[in-house]
Structure formats: C-alpha cells, structure tokens
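The values are calculated or read from the model by the stated rules, or taken from the named source; none is laboratory data. The structure displayed is predicted, hence computed values, not measured ones. All Cβ positions, glycine included, derive from the backbone under ideal geometry; neighbour counts span all protein chains shown. Protein only, heavy atoms only, side chains kept; ligands, DNA and RNA dropped before computing areas. Shrake-Rupley method; radii C 1.70, N 1.55, O 1.52, S 1.80 Å.
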Amino acid sequence: MGFTQSAHEATVYRRGSGRSVLLVGVYVDDLIITGAEEEEVNSFKAQMKERFDMSDLGLLCFYLGVEVRQDARGITLRQTHYAKRILELGEMVGCNPAHTPMEEKLRLSRESKAEEVDSTHYRRLVGSLRYLVHTRPDLAFAVGYVSRFMERPTVEHLQAVKRILRYVAGTLEYGLHYKRAPGTARFIGYCDSDLAGDIDTSKSTSGTMFFLGDCLVTWQSIKQRVVALSSCEAEYIATASAATQALWLSRLLGELLGKEVDVVELKVDSKSALALAKNPIFHDRSKHIRIKYYFIRDCLEDGSIKASHIPTTDQLADILTKSLGKAKFQEMRRRIGLEQINQH
C-alpha cells in the first residue's frame, strides 16, 4: 500500500509527505492510525477493510489496557480500570492509601531472613504493576526495586509491594496529560543516578526521562550492569545510557516528521560527570571505566547531543533513582506532569 517501515521502530509504518502523511502503529492485530488529513485516514481504513475482516472502533479511547481521551485541551492517558484489577488481585480493595509508593530510604535484600511467601502470587502482582508503569512514571523506581526479589520473595518484600498497592489505591485517577502546543517542540532529557543502592550487588540505579516540549514521553528506571566505584562514575554511566536513548528518539521523531529535528539536550546534575564526558583525557580515576561508556564523548564532540548542568533540586529524574519523602515525591510527581484526571 505504499508504506515504509520505520528504520528505528519496527512496529511503525509511514506513507506520504507533508499534510498527507499517514502513520500506523501495529501491535499484533491492533492498529493505531494517525494523520493530519481525515480523508487520508478514512481512505486507508477502506483499503484495509477490502483486504481483511476488520472492525473500526473510531477515535482511540482504549488500547491494550490504556484509557485514552482526546479533546480540545489535548490527550490524556491513564490505566484506572487496570489498576483496580491489580488491587483486586492483591486483595487490597478499600485499603488505607499511602502518600508515596515506597518508604523513604528503604533497603531490602535478597538474603532476607523473613518467612518466604507464595512466589507465583508475588510475581503476578509485580508483573501487573510493571505494566501499570506504562502510564505511571511515579511508580517506576518502586516497581523496579521490588522486581529484584522475584526468585525468593519474603514477607518483607511482599510488604513493600503492598505499600505500592496502597499508593495506587489513593491515586487511581492519576495519569498523563499531553497538551496541544503550537510550533515545534524540542526533546529535553533528564538523567540521574544513585550510588550502590542495591545492597546485594552494590550496583547503582539509573533514571532517565525525556520530555517533548512540556510532555513526558518516555522514562526508565533500571539497575546498572556494572558496579560504579564513585558517584561520578555512576552518573557518567547513566548519562552515556541516556545519550543512546536520546539519539534513538531524535532519529525516530525526525523520521516520522520527515525532517531534521533539533539536537536533544541532556540535563545532568553532576558537574564531575559532565567534565569527564567533555574532557578527552583519560584520568587515573576513570581509565577503568568500560570503553562503551565513552560513547557520550563522541556524541558531544560531533554535536549530536548537548549536555548541560542542572541543580540537583531541579533534577526531575531523581524520582526514578531512589525512594523520596512525601513532600519531595509529590513535588516531583507534579513537575513531571502526572495529574489527577477526572473523566467518565
């Protein structure tokens, strides 16, 4: 039908140019279709119906458990009904809500001496919560943390999961709102790291999030694969990983729009990590770092990525690297654009 498969995202297809461009996202036998001209969208639907037995569900309102609402203000995404099912699975319907998904500075270990619990039930709960993270970046760190204890969960680990469920119970209506904005929006990324937050392996956690304009579009909280020997090294590794994500996003957006896009800017709160990234000299303190993490230097030198310092108080990715206190957590939640969405 004249479509070209995206070179950067295999499930996305593009046809046409300018205002006649048509984009299709495919997941098994479900399609999301978008374009600037309604006539193009309707023409494609007619073509598909001629070849396949298909149903037209109209304007996107529900997709793979994600509730979508589109109006003059923009687009909202949430998973309220799915979250309620998780509470039922965990037998936590009607529980007392918590203000944060995790106790501040909570440290758990795989070597817990507490009584073991049903591992199958634990995995079902955590797996369900992981899917909820698709519209709930405020849960990313806590859910990633409890995912580390799938092999032999104990009462301590289950209590941490129940704390997440109590937080979900109090924030069922929360989701992401994407405002309609004129002009060309730019990608801005935030990356952060803790140091040796995993007491079993001494590995650090990287947190990365990217905004398109004011809208949060992607986020990740993940344990680093190597042990960092300093906070500078942990932040440097997080920045290098964020750079690969930034390049992919930039190229994907450019491909979808059919034009060059602005260079992505990374916000880093570690001056020493920035200095290491920009200085090509190998210091004694850094020469042990794996070669692949020096990729960020090439990106900065050729101008494909920009990196700048940001005060720690403005580092939004902080919510993805550690458990925060109530006041700080709720401030960060507001600043990344998560809000209560009242819709029926």
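Too long at a 22 Å Cα-Cα cut-off: which of Lys84/Lys105; Lys203/Lys306; Lys162/Lys322; Lys105/Lys328?
On the way: Lys84/Lys105 28 Å; Lys203/Lys306 27 Å; Lys162/Lys322 18 Å; Lys105/Lys328 13 Å.
Pairs exceeding the cut-off: Lys84/Lys105; Lys203/Lys306.
Taking a ≥ b ≥ c as the square roots of the eigenvalues of the Cα gyration tensor of segment 170-241, is the shape rounded (a/c under 1.5), prolate (a/b larger than b/c) or oblate? Please report the intermediate quantities before stating the final value.
Details: a/c = 4.45, a/b = 1.82, b/c = 2.44.
Since a/c reaches 1.5 but b/c is at least a/b, the shape of segment 170-241 is classed as oblate.
Summing charges over all other residues whose Cβ lies under 10 Å from the Cβ of Phe3, with Lys and Arg as +1 and Asp and Glu as -1, gives +2. Ligands, DNA and RNA left out, the accessible area of the chain computed with a 1.4 Å probe is 50% carbon and sulfur. Distance between the C-alpha centres of segment 23-66 and segment 154-231: 31 Å, rounded to the whole angstrom. At 222 nm, what value in deg cm²/dmol follows for the chain if DSSP H runs of at least 4 each add -39500 (n - 2.57) and the sum is divided by all its residues, to the nearest 500? Theoretical 222 nm ellipticity from helices: -10500 deg cm²/dmol. Projecting label points 7 angstrom from Cα along Cα→Cβ for Glu339 and Asp262 puts them 2.2 nm apart.
Quick one: if the Förster radius is 22 Å, what FRET efficiency do Leu59 and His81 give, using the C-beta to C-beta distance and rounding to 0.05? Display every interim value, and only then the final one.
Numbers: r = 18 Å, r/R0 = 0.83.
The value I calculate is 0.75.
With R₀ fixed at 45 Å, the C-beta to C-beta distance from Ser304 to Thr120 puts the FRET efficiency at about 0.50.
The alpha carbon gyration tensor of segment 86-229 gives principal lengths a ≥ b ≥ c with a/c of 1.5 or higher and a/b no greater than b/c, which makes the shape oblate.
The gain in end-to-end length when the Phe52 to Ser230 segment is fully stretched comes to 58.4 nm, 0.36 nm per residue minus the alpha carbon separation.
Under 8 Å for C-alpha pairs, at least 6 residues apart: give me the relative contact order for the chain, rounded to a whole percent. Walk me through the intermediate numbers first.
Numbers: 588 pairs, mean separation 58.7, N = 344.
Computed over the chain, the figure is 17 percent.
Our summary gives segment 73-222 a relative contact order of 30 percent, counting only alpha carbon pairs under 8 angstrom and 6 or more residues apart.
I need the calculated FRET efficiency for the pair Thr11 and Val41, taking r as the beta carbon distance and R₀ as 22 Å, to the nearest 0.05. List each step's numbers first, then the result.
On the way: r = 18 Å, r/R0 = 0.83.
Plugging the Cβ-Cβ distance into 1/(1 + (r/R0)^6) gives 0.75.
Per residue, the chain exposes 53 Å² of accessible surface when a 1.4 Å probe is rolled over the protein heavy atoms with every protein chain present.
The Kirkwood radius of the chain, taken over pairs of alpha-carbon atoms, gives through the Stokes-Einstein law at 37 °C and 0.692 mPa s a diffusion coefficient of 149 µm² s⁻¹.
Fully extending the segment from Tyr27 to Arg152 would add 41.7 nm, taking 0.36 nm per residue of separation and subtracting the current Cα-Cα distance.
Across segment 3-53, the mean sequence separation of Cα contacts (distance under 8 Å, 6 or more residues apart), normalised by length, yields a relative contact order of 22 percent. Distances between every pair of Cα atoms in segment 1-107, grouped in 10 Å steps from 0 to the bin holding the largest one, split as 11, 31, 28, 15, 12, 3 percent.
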